[in-house]
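What follows draws every value from the coordinates through simple rules; no lab data is involved. Just so you know, these numbers come straight off a predicted model, no measurement behind them. For neighbour counting, all protein chains shown are included, and Cβ atoms are generated from backbone atoms with ideal geometry for every residue, glycine included.
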Amino acid sequence: MLTAIDKTPVLHHNSIMVASLNDGGNMQVRVIVGAQAAYACISHESGTLDVRLNPGRSARKSMKERAAELREKAAELTRRAALIENAAELVD
């Protein structure tokens with residue numbers, strides 16, 4: 001469960017709202033809402049990842065939707081890789 005680091009979101013002079021959250025361990029999520037787009041900036045022990053959030057949805061729902069999209073793409077790539085491996089057995 002993520003918990004808030006900042007009790008209230010911070011509004012900066014350039015109209016970007018930042019809310020920082022962490023899991024008490026090695027992951028931190030900053031939700032940045034600007035005039036044109038919103039992002040979840042994820043920091044973890046092996047790097048960082050920025051996720052553009054879908055308009056009109058909560059950060060949680062948007063991130064879960066993006067994760068599902070990536071899983072679908074990964075499954076398709078896995079199927080293609082298996083096909084290529086199988087086809088490789090047919091050639092010298």
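Values computed for the structure shown
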| read-out | value |
| --- | --- |
| Checklist (1) among the small types (Gly, Ala, Ser); (2) in contact with a helix residue (DSSP H, G or I) (Cβ under 9 Å, 6 or more places away or on another chain); (3) assigned to a loop (DSSP other than H, G, I, E, B) applied to GLY24, failing item | (2) |
| Every residue from segment 35-68 that is out of contact with any strand residue (DSSP E or B) (no Cβ under 9 Å at 6 or more places or on another chain), acidic (Asp, Glu) and surrounded by 10 or more Cβ atoms within 10 Å (Cβ to Cβ) | GLU65 |
| Cβ-Cβ under 7 Å pairs, at least 6 apart or on other chains, segment 64-92 side in contact (Cβ under 8 Å) with a residue 40 or more places away in the chain and under 25 Å from TYR39 (Cβ atoms), far side of a type in the set (Phe, Trp, Tyr) and surrounded by 10 or more Cβ atoms within 10 Å (Cβ to Cβ) | none |
| Total residues in segment 37-66, condition among the hydrophobic types (A, V, I, L, M, F, W, C) and in a helix (DSSP H, G or I) | 2 |
